[in-house]
Amino acid sequence: MVVITLQRNHCIGCNYCHELAPSYFGMNEIDGKSDLLDSTEKRGFHTHICHDPSAFDECKIAEDSCPVGIISTKVV
C-alpha cells in the first residue's frame, strides 16, 4: 500500500507534481495550488492511499522535485 501526503497550504503552484504524476496530482483552477486527487483532508494534510505499488515510483519523483518539500510518499 502506498500513502501519498500533500501539505496543500504550503503549495506555491509550480506544477511539477502534476507534470510528473498526473494520475495523482492536479492543479486547482481557482487558487493555482496542487490538488492530491481522491484524497481526504485532515488538519491541512491531504492523504491518498493507493493499493497500486507502481504509484510509489511516480509519486516519489514528484516528491523529489517539489521545491518546497510538501509531498510525502511511502510504502506501508
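The values are calculated or read from the model by the stated rules, or taken from the named source; none is laboratory data. Keep in mind the model is a prediction, meaning the values are calculated, not measured. Neighbour counts are summed over all protein chains in view; Cβ atoms, including those assigned to glycine, are modelled from backbone coordinates with ideal geometry. Just the protein is used for accessible areas: all its heavy atoms, side chains included, with ligands, DNA and RNA removed. Shrake-Rupley method; radii C 1.70, N 1.55, O 1.52, S 1.80 Å.
Exactly one residue out of Ile30, Ile12 is in contact with a Pro (Cβ under 8 Å, 6 or more places away or on another chain), β-branched (Val, Ile, Thr), in a loop (DSSP other than H, G, I, E, B) and open to solvent by 50 Å² or more (accessible area, probe 1.4 Å): that is Ile12.
For the criterion of being assigned to a strand (DSSP E or B), modelled with pLDDT of 95 or more and in contact with a helix residue (DSSP H, G or I) (Cβ under 6 Å, 6 or more places away or on another chain), Thr47 fails. The single condition among (1) under 18 Å from Lys74 (Cβ atoms); (2) free of Cβ contacts under 8 Å to residues at least 60 places away in the same chain that Thr5 does not satisfy is (2). Of note, Met1 does not satisfy the criterion of being aliphatic (A, V, I, L, M) and touching a helix residue (DSSP H, G or I) at 6+ places or on another chain (Cβ under 8 Å). Please tell me if Glu19 is without any contact (Cβ under 8 Å) to a residue 12 or more places away in the chain, open to solvent by 90 Å² or more (accessible area, probe 1.4 Å) and assigned to a helix (DSSP H, G or I). Here the answer is yes, as Glu19 does meet what is asked.
Taking the numbered list (1) of a type outside the set (A, V, I, L, M, F, W, C); (2) in contact with a helix residue (DSSP H, G or I) (Cβ under 7 Å, 6 or more places away or on another chain); (3) on the phi > 0 side of the Ramachandran plot in turn, Ser65 passes all entries but (3).
Quick one: in region 39-49, of everything that is surrounded by 12 or more Cβ atoms within 10 Å (Cβ to Cβ) and not small (Gly, Ala, Ser), which residue is farthest from Ile71 (Cα to Cα)? Taking the candidates together, the pick is Ile49.
I'd like to verify a number: residues in region 50-60 that are loosely packed, with under 15 Cβ neighbours inside 10 Å and in a helix (DSSP H, G or I), how many? Residues that pass the stated criteria total 2.
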